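Report on the structure given below.
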Amino acid sequence: QVQLVESGGGLVQAGGSLRLSCAASGIILSRKPVAWYRQAPGNQREFVAAITSGGNTNYADSVKGRFTISRDNAKNTVYLQMNSLKPEDTAVYYCAAGWGYPSWGQGTQVTVSS
């Protein structure tokens, strides 16, 4: 059974940084595409960043240059380093893994105060 557990969310001031983690069991993340999505209150879930099994990365325009997705194969964990955070980054952040992203975590709340 695949389980994804996000952590690292919290409250931070605008301009600050957070690093989110997505720890996996039941799946080898280095062999699958992994993505981060987010959902703000009243909004649809939106794509943030992704990393392929080959290590290629892709970012939403809104986070490009500020967020970095990476993977630690030994820890079977994917990270999202978020710098220069803005209030509009406030959302619940989810990681998703596998072809077509069939597996999702429970989410971690990120709140950026102005």
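Since every read-out is calculated from the coordinates, none of them should be taken as a lab result. In this text, all values refer to a predicted model and were calculated from it rather than measured experimentally. Here the Cβ positions follow ideal geometry from the backbone for every residue, glycine too, while neighbour counts run over all protein chains shown.
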Regarding region 4-16, can at least one residue be identified that is closer than 17 Å to Ser103 by Cβ and without any contact (Cβ under 8 Å) to a residue 24 or more places away in the chain? no
All strands (runs of 3 or more DSSP E) inside region 1-88 with 1 or more residues being charged (D, E, K, R) and at negative phi: 3-7, 18-25, 34-39, 46-51, 67-72
Looking only at region 4-24, filter to residues that are among the aliphatic types (A, V, I, L, M) and out of contact with any Pro (no Cβ under 8 Å at 6 or more places or on another chain); which one of those is nearest to Asn83 (Cα to Cα)? Leu18
Could you list all residues from region 89-114 that are under 16 Å from Ser25 (Cα atoms), part of a strand (DSSP E or B) and small (Gly, Ala, Ser)? Ala96, Ala97, Ser103
Given (1) among the hydroxyl-bearing types (Ser, Thr, Tyr); (2) in contact with a Phe, Trp or Tyr (Cβ under 8 Å, 6 or more places away or on another chain); (3) closer than 18 Å to Gly8 by Cα, index of the condition Tyr59 fails: (3)
Tally time: how many residues in region 69-101 are surrounded by fewer than 21 Cβ atoms within 10 Å (Cβ to Cβ), within 17 Å of Thr57 (Cβ to Cβ) and free of Cβ contacts under 8 Å to residues at least 60 places away in the same chain? 5
